[in-house]
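Engineer: My questions all concern the structure below.
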Amino acid sequence: MMNIAVIHSRLDAKGGTQRQALWTALALQNAGHKVKVYTLSYDKKRCFSDILDRLEVIYAEGFDRETLISKNPALGFLNYIVYSINESKAAKKLAILFDPNTEILNAYDKFGFRIAYFAKKRQCRQAKSVI
């Protein structure tokens, strides 16, 4: 039995990568592994609630796509910089919530890789990253 973290930044909508991450987490759990799903933006009703009911989901409250993006369109390119800074802050907050005994970090999207980086750096030093 292994401790596995499945990471997807947004579980607030239905999409292909969300489905793939959740089905993988469920399959690993059914194979006898201890699986936790980590995300920032979480809305069980808008995502795959039938799958999420069977999984342990951990998320950092207060972060979602809307709070990460600057609302001022006049900022133009600066919006991207603001988004990147906020994204890193959010990834660091979520990384603190990771189980330090996690052995595998399995990320499913671009932002998920950043979360995995901070989780390995802060909490899960012995973990192997899986792409």
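The values are calculated or read from the model by the stated rules, or taken from the named source; none is laboratory data. Please read these numbers as outputs of a predicted model, since none were measured by experiment. SASA here: full protein model, heavy atoms, side chains in, ligands and nucleic acids out. Shrake-Rupley method; radii C 1.70, N 1.55, O 1.52, S 1.80 Å.
Engineer: Taking the chain as a Gaussian network, Cα atoms linked when under 10 Å apart, which of Ala95, Ala13, Ala116 shows the biggest mean-square fluctuation?
Structural biologist: Comparing Ala95, Ala13, Ala116 in the GNM, the peak value goes to Ala13.
Engineer: What lysines does Lys45 reach when the alpha-carbon gap must be under 17 Å and sequence neighbours fewer than 8 apart in one chain are set aside?
Structural biologist: Hits, sequence-local ones excluded: Lys14.
Engineer: Can you give the Kirkwood hydrodynamic radius of the chain from its Cα pairs, in Å with one decimal? Mind dumping the intermediate values first?
Structural biologist: On the way: mean 1/r = 0.0670 Å⁻¹.
About 14.9 Å, per the Kirkwood formula over Cα pairs.
Engineer: How large is the helix-only mean residue ellipticity at 222 nm for the chain, computed as the sum of -39500 (n - 2.57) over DSSP H runs with n ≥ 4, divided by its residue count, in deg cm²/dmol to the nearest 500?
Structural biologist: -12500 deg cm²/dmol
Engineer: Can you list the lysines whose alpha carbon is less than 21 Å from that of Lys128, not counting same-chain residues fewer than 8 positions off?
Structural biologist: Lys34, Lys36, Lys92, Lys93, Lys110, Lys120
Engineer: Mind checking the angle between helix 77-95 and the chain's longest principal axis? C-alpha axes, 0 to 90 degrees, to the nearest 10.
Structural biologist: Roughly 30 degrees between the two axes.
Engineer: Quick one: how many Å² of Tyr59 are accessible to a 1.4 Å probe, rounded to 10?
Structural biologist: 90 Å²
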